[in-house]
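Here the structure comes first, spelled out in structure tokens, and everything after it is commentary.
The values are calculated or read from the model by the stated rules, or taken from the named source; none is laboratory data. Remember, predicted model here, so these are calculated numbers, not experimental data. Methodologically, a virtual Cβ is constructed for each residue, glycine included, from the backbone with ideal geometry; neighbour enumeration extends over all protein chains shown.
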Amino acid sequence: MKIKDFNNLRPSDRIEHKHYGHCAVQKFIPDFGPVIQPLTHEGKMKLYHHSAYKGGRYGMPLLENSYRMCQPSAAPYLPIQTCRICGCTDLDCTMCIAITGHPCHWVAPDLCSRCAPNSPIS
Ligand SMILES: [Zn+2]
Ligand SMILES: [Zn+2]
């Protein structure tokens, strides 16, 4: 990816990150870079392990300021997971965070942990 392309990333664009694989762009912060979020479990786990010492949590996004880490995504777009009850998605879990204090995770392809019955996180 060239600097020019990197600066043209827009919300919901997909990139391949050198460490975290298939990622979606959440937003672009001018003069810094895109806020990206891994869309695969492997990518989320890697990011979690890299950021846990800074208080990062599973499913947290990352501000990427190096265009060298990003490649244009050639993979077909994965659908963005959406909770069938509360409507939160991989890109926007702010509702769950506001209510429970932490992001949810997926207990089923269309059900998040906040909405799952008998969830330990409620
Ligand atoms: Zn939910
Ligand atoms: Zn959520």
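List, please: which pairs have Cβ atoms under 6 Å, are six or more places apart or on different chains, and start with a residue in the range 103-116 that is assigned by TED's automatic domain parsing to the domain that holds C86 and end with one that is more than 10 Å from ligand 2 (Cβ to nearest atom) and assigned to a strand (DSSP E or B)?
Once the first residue is assigned by TED's automatic domain parsing to the domain that holds C86 and sits in the range 103-116, its partners that are more than 10 Å from ligand 2 (Cβ to nearest atom) and assigned to a strand (DSSP E or B) give S113/V107; A116/V107.
When you look at S51, is it among the polar types (S, T, N, Q) and assigned to a loop (DSSP other than H, G, I, E, B), yes or no? Please lay out each step first, then the result.
Numbers: among the polar types (S, T, N, Q): yes; assigned to a loop (DSSP other than H, G, I, E, B): no.
In short, no.
If I go through the range 67-88 residue by residue, how many of them are more than 8 Å from ligand 2 (Cβ to nearest atom), under 14 Å from the mean Cα position of the chain (by Cα) and either among the polar types (S, T, N, Q) or modelled with pLDDT of 85 or more (or both)?
2
If A74 meets every condition in (1) exposed (fewer than 13 other Cβ atoms within 10 Å of the Cβ); (2) outside any loop (DSSP other than H, G, I, E, B); (3) aliphatic (A, V, I, L, M) apart from one, which number is that one?
Condition (2) is where A74 drops out.
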